[in-house]
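K.L.:
Structure provided below as structure tokens; questions to follow.
The values are calculated or read from the model by the stated rules, or taken from the named source; none is laboratory data. Here the structure is a predicted model, which is why all the values come from computation and not from measurement. Positions of Cβ are backbone-derived with ideal geometry, glycine not excepted, and every protein chain shown enters the neighbour counts. Accessible surface areas use protein heavy atoms only, side chains included; no ligands, DNA or RNA. Shrake-Rupley method; radii C 1.70, N 1.55, O 1.52, S 1.80 Å.
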Amino acid sequence: MRAPRGQERAITGNRQTSWAFADAYGAENVQHAERSEHSAALRWARDRAREAGLRAVSDGTGAALRLLAAAVDAKAVAEIGTGTGVSGIHLLHGMRSDGVLTTVDTEPECQQIARQAFRAAGFAANRARFIPGRALDVLPRLADGGYDLVFCDGDRTECLEYLGESLRLLRPGGLVCFEGVFADGRTVDSSSQPAEVLRLRELLRTVRDSTSLLPSLLPVGDGLLCAVKRHH
């Protein structure tokens, strides 16, 4: 039996409000002693991203990345797409205190901004390794099975190649995460879509159908696709 239209609108409105609440919930969820330092660094990095025309991860996505990095007790994380360091601050906050973030980006200028942001957030210089270059040139040089988490926020047209590299890089039980898989709602839009959206749909199908992965699609930010590499 169909719900009355008024009730449908209420459900839809409540869901959107709930999603917005969930996305903002983790914004200040850091330890009190570190809160001002982290918050100031995140605000600064977000401002730099906006100036550069880049979209940083949302607060909800950042909170999810912190949680996931902590859940796998991450010591080694690979990040595709440094940006200005917003996602990196969240990942470093969730990782072990001796963990190292290896972050790859085609823009060295952005990586310099991220380096400043990490320092401002209180992370020692040896907590991050910055590698400039195309991800598909850099990733093959990284160690097989050497990573606990791989975060992909790069070129959407290369997402399937990132998945293949991630499966090689991750230890069993490690996590791969893809940011932006909703593509501002275009992924579920039935009208004609550009190649990058078609690639995202293919990524979603491939991850869901893989026998090597245990996936979940989290409705935070612009969609965070996560999957655990199964133990075989």
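K.L.:
Ignoring everything but the protein chains, give the 1.4 Å probe accessible area of VAL188 in square angstrom, nearest 10.
P.N.:
Ignoring ligands and nucleic acids, VAL188 comes out at about 130 Å².
K.L.:
Given the chain, what percent of its DSSP beta bridges are antiparallel, to the nearest 5?
P.N.:
35 percent
K.L.:
Among bridges DSSP assigns within the range 97-232, what percent are antiparallel (round to 5)?
P.N.:
That works out to approximately 50 percent antiparallel.
K.L.:
Protein chains only, probe 1.4 Å: how do TRP19, TRP44 rank by accessible area, largest first?
P.N.:
These residues rank, largest area first, as TRP19, TRP44.
K.L.:
With n ≥ 4 as the cut-off for DSSP H runs, can you work out [θ] at 222 nm for the chain, using -39500 (n - 2.57) per run divided by the number of residues, rounded to the nearest 500?
P.N.:
It lands at -14500 deg cm²/dmol.
K.L.:
Report relative contact order for the chain in percent, whole number only (criteria: Cα-Cα under 8 Å, sequence separation at least 6).
P.N.:
Over the chain, the number comes to 17 percent.
K.L.:
What relative contact order, as a whole-number percentage, does the range 126-232 give when Cα pairs under 8 Å and 6 or more residues apart are counted?
P.N.:
Averaging sequence separation for qualifying contacts and normalising by length gives 27 percent for the range 126-232.
K.L.:
How large is ³J(HN,Hα) for each residue in the range 88-104, as worked out from phi by the Karplus curve 6.51 cos²θ - 1.76 cosθ + 1.60 (θ = phi - 60°), to whole Hz, x for Gly and Pro?
P.N.:
Running phi through 6.51 cos²θ - 1.76 cosθ + 1.60 with θ = phi - 60° gives x, 4, 5, 4, 4, 5, x, 6, 4, 5, 9, x, 10, 9, 9, 10, 10 Hz.
K.L.:
Given the options GLY13, GLY60, GLY94, state which has the largest fluctuation in a GNM of the chain using a 10 Å cut-off (strictly under) for Cα springs.
P.N.:
Evaluated over the chain, the most mobile residue of the options is GLY13.
K.L.:
Say R0 is 30 Å: what FRET efficiency, to the nearest 0.05, do GLU51 and ALA125 get from their beta-carbon distance?
P.N.:
Calculated value: 0.80.
K.L.:
Among ARG230, ARG141, ARG199, what's the order by accessible area (1.4 angstrom probe), most exposed first?
P.N.:
Descending order: ARG141, ARG230, ARG199.
K.L.:
Can you list the HN-Hα couplings for the range 165-182, worked out from phi with the Karplus curve (6.51, -1.76, 1.60; θ = phi - 60°), rounded to whole Hz and with x for Gly and Pro?
P.N.:
Going residue by residue, I get 5, 4, 4, 6, 6, 7, 6, x, x, x, 10, 10, 10, 10, 8, x, 6, 7 Hz, with x marking Gly and Pro.
K.L.:
Would you list VAL220, VAL228 from the most to the least accessible area, probe 1.4 Å?
P.N.:
Descending accessible area places them as VAL228, VAL220.
K.L.:
Using the beta-carbon distance between THR17 and GLU37 and R0 = 30 Å, what value does 1/(1 + (r/R0)^6) give for FRET efficiency, to the nearest 0.05?
P.N.:
0.45
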